[in-house]
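Engineer: Before I ask anything, let me first share the structure, which is written out below as structure tokens.
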Amino acid sequence: MSGPDLERDEEGLVRLHKLLARSGVASRRKCEQLMLGGEVTVDDEVVTRLGTKVDPTTAVIRVSGRRLPPMSPNVYLVLNKPVGVTSTMSDPHAERTLTELVADRPERVFHVGRLDTDTSGLILLTNDGEFAQRMAHPSYEVDKTYVASVEGVVYPATLKQLLAGVTLDDGPVTVSSVKLVGGRGTARDGSILELVIHEGRNRVVRRLLDHVGHPVRKLTRTAIGPVVLGRLGVGEIRELTHDELGALLDAARL
């Protein structure tokens with residue numbers, strides 16, 4: 001996330017309270033009060049001296065426990081991917097790719113993980129390679145939330161089965177939470193489930209629900225960690241907020 005235009009000294013350092021204010025934390029006076037109140041830490045040390053200077057590109061700064069992303073030339077975007085768009089920047093065999101949706105961006109970005117062509121919803125785009133690699137790696141266990149419209153009536157026993165863990169042909173899948181959020185209780189109407197998993201294996205949600213007897217009719221990813229789709233329209237893009245990016249950097253241990 002590009003940083004505010006701040007005066008740096010010869011060593012590239014800036015005054016902490018000015019950095020906080022220019023990053024939108026609060027007014028400069030309020031930022032000073034937060035520091036004096038012990039609410040600001042730099043590299044896990046409480047900082048109360050108002051003249052303190054920091055390197056805005058490397059310091060791990062927290063305000064009341066919330067991470068403030070470092071100043072960076074990188075961009076971090078949220079896209080609401082439409083159905084029919086392939087999760088790749090370039091593919092001669094794909095009818096539509098992500099590149100057409102970011103054509104007006106000046107930066108060259110790439111996607112973090114994938115969504116099936118026939119799945120819509122939230123996908124992250126960035127030009128930060130290390131961030132992308134970590135966010136896509138299952139060991140960092142960032143929750144991904146999906147809403148699935150499925151065939152049939154989903155009974156409590158099936159929800160318990162999903163929570164207990166299901167083993168597919170390429171290994172077990174852990175479901176953090178699952179709940180029934182819609183459906184009229186008839187096989188024809190089907191059911192709507194919201195489920196949270198960590199991983200991004202190929203078509204894992206579809207295969208998981210197929211395995212328990214409820215093939216997916218429609219699937220949307222609605223959240224990745226603290227980043228939610230909200231009112232972002234299909235095909236629309238926005239930048240991550242400071243809070244969202246800070247939380248994801250923490251999750252990726254960056």
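The values are calculated or read from the model by the stated rules, or taken from the named source; none is laboratory data. Predicted, not measured: the structure shown is a model, and the values here were computed from it. A quick note on method: Cβ atoms are made from the backbone with ideal geometry, for glycine too, and the neighbour counts reach across all protein chains shown. With ligands, DNA and RNA removed, areas are computed over all heavy atoms of the protein, side chains included. Shrake-Rupley method; radii C 1.70, N 1.55, O 1.52, S 1.80 Å.
Engineer: Shape call for the stretch 181-227 from the C-alpha gyration tensor, a ≥ b ≥ c root eigenvalues: rounded (a/c under 1.5), prolate (a/b greater than b/c) or oblate? Don't skip to the end; give the middle numbers.
Structural biologist: Working: a/c = 2.78, a/b = 1.48, b/c = 1.87.
Note, shape of the stretch 181-227 comes out oblate.
Engineer: Same structure, new question: For the stretch 125-236, just say rounded, prolate or oblate: build the C-alpha gyration tensor, square-root its eigenvalues into a ≥ b ≥ c, call rounded for a/c under 1.5, and beyond that prolate if a/b exceeds b/c, oblate if not.
Structural biologist: Values: a/c = 2.30, a/b = 1.45, b/c = 1.59.
Oblate is the answer for the stretch 125-236, as a/c is 1.5 or above yet b/c matches or exceeds a/b.
Engineer: Where does helix 242-251 land angle-wise versus the long Cα axis of the chain, in degrees 0 to 90, nearest 10?
Structural biologist: Helix 242-251 sits at roughly 70 degrees to that axis.
Engineer: Would you mind telling me the antiparallel percentage of the DSSP bridges in the stretch 35-160, rounded to 5?
Structural biologist: Numbers: 17 of 18 bridges.
In the stretch 35-160, approximately 95 percent of DSSP beta bridges are antiparallel ones.
Engineer: Give the accessible area for Ile224 in Å² (nearest 10); use a 1.4 Å probe, count only protein heavy atoms, and leave out ligands, DNA and RNA.
Structural biologist: For Ile224, the solvent-accessible surface is approximately 10 Å².
Engineer: Cα atoms only, the stretch 10-119: Rg and Dmax in Å?
Structural biologist: Taking only Cα atoms of the stretch 10-119, I get Rg and Dmax of 20.0, 59 Å.
Engineer: Just name one of Val166, Val227, Ala136: the one whose Cα is farthest towards the positive end of the charge dipole of the stretch 116-254 (beta-carbon charges, Lys/Arg +1, Asp/Glu -1).
Structural biologist: Val166
Engineer: If I ignore ligands, DNA and RNA and count only protein heavy atoms, how much of Ile192 is accessible to a 1.4 Å probe, in Å² to the nearest 10?
Structural biologist: Counting only protein heavy atoms, the figure is 60 Å².
Engineer: Any idea what the dipole of the chain comes to, in debye rounded to 20, about its Cα centre with Lys/Arg Cβ at +1 and Asp/Glu Cβ at -1?
Structural biologist: I would put it at about 780 debye.
Engineer: May I ask you to rank Lys30, Lys144 by accessible area, largest first, using a 1.4 Å probe over the protein chains only? Intermediate results must be reported in sequence, preceding the final value.
Structural biologist: Numbers: Lys30 95, Lys144 25 Å².
Ranked from most to least accessible, the order is Lys30, Lys144.
Engineer: May I ask you to derive the FRET efficiency for Arg29 and Arg105 from their Cβ-Cβ distance with R0 = 41 Å, giving the value to the nearest 0.05? Could you put the intermediate results ahead of the total?
Structural biologist: Numbers: r = 36 Å, r/R0 = 0.89.
The formula returns an efficiency of 0.65 here.
Engineer: Short version: what are the Cα gyration tensor semi-axes of the chain, square root of 5 times each eigenvalue, largest first, in whole Å? Provide the component values of the computation, followed by the final result.
Structural biologist: On the way: eigenvalues 321, 91, 45 Å².
Equivalent ellipsoid of the chain: 40, 21, 15 Å, largest first.
Engineer: Output the relative contact order of the stretch 22-90, whole-number percent, from Cα pairs under 8 angstrom with separation of 6+ residues.
Structural biologist: Numbers: 58 pairs, mean separation 14.5, N = 69.
Dividing the mean separation by the residue count of the stretch 22-90 yields 21 percent.
Engineer: Let me ask something else about it. With a sphere of radius 11 Å drawn around the Cβ of Leu19, what net charge do the other residues whose Cβ falls strictly inside it have (Lys, Arg +1; Asp, Glu -1)? Before the final figure, lay out the partial values.
Structural biologist: Numbers: positive: Arg8, Arg15, Lys18, Arg22, Arg28, Lys53; negative: Glu7, Asp55.
Here the count lands on +4.
Engineer: By how many nm would the segment from Arg66 to Glu7 grow when fully extended, if each residue of separation counts as 0.36 nm and the alpha-carbon distance is taken off? Don't jump to the answer; show the numbers that get you there.
Structural biologist: Details: separation 59, 0.36 × 59 = 21.24 nm, distance 2.44 nm.
Length gained between Arg66 and Glu7: 18.8 nm.
Engineer: Cα-based count: Lys pairs in the chain below 19 Å, eight or more positions apart or different chains?
Structural biologist: Within the chain, the lysine pair count is 9.
Engineer: Between Ala136, Ala26, Ala148, find the one with the highest GNM mean-square fluctuation for the chain; connect C-alpha pairs within less than 10 Å.
Structural biologist: Among Ala136, Ala26, Ala148, the largest GNM mean-square fluctuation belongs to Ala26.
Engineer: Can you pull the percent of the stretch 1-96's accessible area that's carbon plus sulfur, 1.4 Å probe, other chains left in place? Walk me through the intermediate numbers first.
Structural biologist: Values: 2340 of 5280 Å².
Answer for the stretch 1-96 is 44 percent, counting heavy atoms of protein chains only.
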